[in-house]
Amino acid sequence: MPFGEDNLSAVVTLPSDPPQGLAILLQGLGAPRSHRYSLWTRIARTVADRGLASVRFDYRGMGDSTGTCVADLNQPPSAEAMVVVKRTAEILDTPRVAAVGNCMGARTALTVALGLESCAGIGFILQDSLHAVVQSHRPSQWARVRSRLAAKAPSLLRRARRSLREQSSRPRFLPEVGVAASTMNTLFLFVGPDRVGRMLERGVVGLGSSARRPVFHSIRAGVTPEFQLTLETQDEVISGVSSWLVDVLIQDRAGPPAPTPHSPFRGP
């Protein structure tokens, strides 16, 4: 697909019958269009068997795409992804779209989903760290006011400490994440240790609206750097993402999305 002076290499996977929806799968920086361990390829084939098309592509300067890669977490390749998903939807005559991303791909999916009127849902695959969906923030003025409170109001100091502990146990999501959760079907699929998963769950509970709640699913795993997932964990990711895509793009297409109950954290 042309992108300025460059060409983006993409793969579209189709069902046997006309597709009922289109998913764009967006990997993190450094991974090819198949994703590590062919995760996107396996998801694409799974949803094709259930009536959905999907598209995945190499970012500029990576894989079979030409050009120079200039993307990072704070400057995701949103324009590239938008060209790919719009062109694919036009070719297939399939306006109903959902975006799924991991790491930098989650940021890319976020900007695409909010910029595409036909987008019905966004899925975040988060592993260990939540940096793709949370704000980076500087330390507050706590260090400055602590000494004053200790001298003048010890009881206020104790209450302030409790309040800060409660706030720090919840992630501060990017404002765009809150917008997406309130306006479309949203999936948070977390792969990692319990401690981080429980913190994410507490934050997800506060997102969305009374009529629309995000879906939260956690897959217990130890520290898995660079998305090095076991086959069993990969199977769970594929199953969770594929089922969610079918729910969003096929089950909900007859009318507005129904309220989705918040799923509890999955224990051992």
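None of the figures in this text is laboratory data; all of them are computed from the coordinates on show. As the structure is a computational prediction, the values presented were derived from the model and not from experiment. As a convention, Cβ positions derive from the backbone with ideal geometry for all residues, glycine included, and neighbour counts pool all protein chains shown.
Structure notes:
- Were the residues from Thr230 through Ser209 laid out at 0.36 nm apart, the gain over their Cα-Cα distance would be 4.0 nm.
- Amide H contacts of Gly21 (H built 1.01 Å from N, under 5 Å, at least 5 apart or other chain): Ala53
- Listed peptides 235-248, 170-183, 20-33, 95-108 by packing density, highest first (mean Cβ within 10 Å): 95-108, 20-33, 235-248, 170-183
- Here each label is just a point 7 Å from Cα along the line to Cβ, and for Glu90 and Ser182 those points are 3.3 nm apart.
- Charged side chains reduced to their Cβ positions (Lys and Arg at +1, Asp and Glu at -1) give region 33-102 a dipole of some 240 debye around its Cα centre.
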